[in-house]
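What follows is a short report on a single structure.
Just so it is clear, none of the values below were taken in a lab; they were calculated from the coordinates. Remember, it's a predicted structure, so these values are computed and weren't measured experimentally. Don't worry about glycine lacking a Cβ; one is built from the backbone with ideal geometry, like all the others, and counts go over all protein chains shown.
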Amino acid sequence: MKLMCVGTRKGLLVFGREKNQWSLQKTNFQGIPVSQFFADPVTGDWWAALDHGHWGVKLQRSKDRGESWEEIAAPKYPEGEEIRDGVPATLAYIWAIERVGDKVYFGTDPGGLFSYDEENQFTLNRPLWDLPSRKKWFGGGRDNAGIHSIVVNPEDSKNFYIAVSCAGVFETKDGGESWVPKNKGLRADFLPDPTSEIGQDPHLVVASPADFKVLWQQNHCGIYRSVDAGANWDFISEKDGPADFGFAVAASETDPDTAWVIPGVSDEVRTAVDGKMCVCRTNDGGKTWTQLRTGLPQENCFDIVYRHCFDIQGQELAFGTTTGNLFYSSDLGDHWDTVSNYLPMVYVVKFLDLD
């Protein structure tokens, strides 16, 4: 059975597909915001990051595909660490979870990267946290800087990227012992120096499964693509069309020139463009964009799609919106079906295949 795991403001919803129909199979953590979900491809463990608000961040792990869960003590910043001078560093949000080699990594607000090892211990990545620029990182959609993307080279787990809002993209080639900013070509029009090396605001970064050197970025100031492993970024927003501002981006598993975005009006007006839901696809590396609307609402639509709410697996795409709509396509976005219109706000969407 294929699953679609949907983290929402009111729990983790697990949809299953049988005979080409999606249906809700189970609900975990009902009533609790689920900020991130991750299925470990090595161990099979499921991870769910919970945002309890007043009660803080909680972390849950399941070893039986969500049948039961155990709480894992959330990562904790060492005593005395500061976000900036005079402001203690306290875990406020888990925004990214990814396996890197023999560890699982967690990207957090306020900008710390933690690894979880086989000894069941969390370790703060000191080289990243101790970067001289780190105390100048600042918040975008959240009060403080946060790591929302972890992108791993499938051929070399010591080589991976993290993306920070607001700071930019950073790469390590030595397993996190050192970090280099990779923001050349990006613009942060909200800064005094829009081309500043630090202070850029990526909304999400993904790599092409077909060619790791090809990176896609949905950014606060447009859509960007790199074909040289992040050394340079090219601005590829659509000049006279909707493909520009947004959060989510999905890359084709087989073609490094193909990707999808889901646009919104702007940062100030976070709703669907012209009140019509639209997915945009490029097949030529961002030179041109095609609008995909069949099956999507084309009037009175106020939806927008957050950064982790868009997933791809083979020919299949799915995304969830801020107003609780969940859509699915089996043909690379040419046609869309509605899975549900009645969900809480969606924070994350992930496809899974059961053996």
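Numbers below:
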read-out: Qualifying residue in region 29-41 (condition: polar (S, T, N, Q) and more than 23 Å from His203 (Cβ to Cβ)); value: yes
read-out: Selected residue (criterion: nearest to Asp311 (Cα to Cα)) from residues of region 192-220 that are part of a loop (DSSP other than H, G, I, E, B) and touching a Pro at 6+ places or on another chain (Cβ under 7 Å); value: Ala210
read-out: Candidate set: region 234-255, residues that are of a type in the set (Val, Ile, Thr) and either crowded, with 22+ Cβ neighbours inside 10 Å or not in a loop (DSSP other than H, G, I, E, B) (or both); chosen: the one farthest from the chain's Cα centre (by Cα); value: Ile236
read-out: Any hit, region 285-304, residues being hydroxyl-bearing (Ser, Thr, Tyr), outside any loop (DSSP other than H, G, I, E, B) and in contact (Cβ under 8 Å) with a residue 24 or more places away in the chain; value: no
read-out: Scan of region 343-355 for residues that are loosely packed, with under 12 Cβ neighbours inside 10 Å and in contact with a strand residue (DSSP E or B) (Cβ under 9 Å, 6 or more places away or on another chain), ordered by number; value: Asp353, Leu354
read-out: Residues (within 12 Å of Cys280 (Cβ to Cβ) and either aliphatic (A, V, I, L, M) or touching a helix residue (DSSP H, G or I) at 6+ places or on another chain (Cβ under 9 Å) (or both)) located in region 216-240; value: Ile223, Ile236
read-out: Strands (runs of 3 or more DSSP E) lying entirely in region 37-111 (those with 1 or more residues that are surrounded by 15 or more Cβ atoms within 10 Å (Cβ to Cβ), at negative phi and touching a residue at least 60 places away in the same chain (Cβ under 8 Å)); value: 82-84, 93-100, 103-109
read-out: Residue list for region 312-327, filter: buried (at least 21 other Cβ atoms within 10 Å of the Cβ) and part of a strand (DSSP E or B); value: Ile312, Leu317, Ala318, Phe319, Gly320, Leu326, Phe327
read-out: Search result, residues across region 339-355 that are without any contact (Cβ under 8 Å) to a residue 60 or more places away in the chain and either closer than 18 Å to Val261 by Cα or touching an Asp or Glu at 6+ places or on another chain (Cβ under 9 Å) (or both); value: none
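For every residue, the table says whether it meets (1) touching a helix residue (DSSP H, G or I) at 6+ places or on another chain (Cβ under 6 Å); (2) within 23 Å of Gly11 (Cβ to Cβ); (3) aliphatic (A, V, I, L, M).
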position	(1), (2), (3)
Gln25	no, yes, no
Asp40	no, yes, no
Ser62	no, yes, no
Ala96	no, yes, yes
Arg99	no, no, no
Asn120	no, no, no
Leu124	no, no, yes
Pro127	no, no, no
Gly141	no, yes, no
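Here is a yes/no grid of residues against (1) of a type in the set (Gly, Ala, Ser); (2) over 23 Å from Leu59 (Cβ atoms); (3) over 18 Å from the mean Cα position of the chain (by Cα):
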position	(1), (2), (3)
Asp109	no, no, no
Phe122	no, no, yes
Asp130	no, yes, yes
Lys135	no, yes, yes
Gly141	yes, no, no
His148	no, no, no
Val151	no, no, no
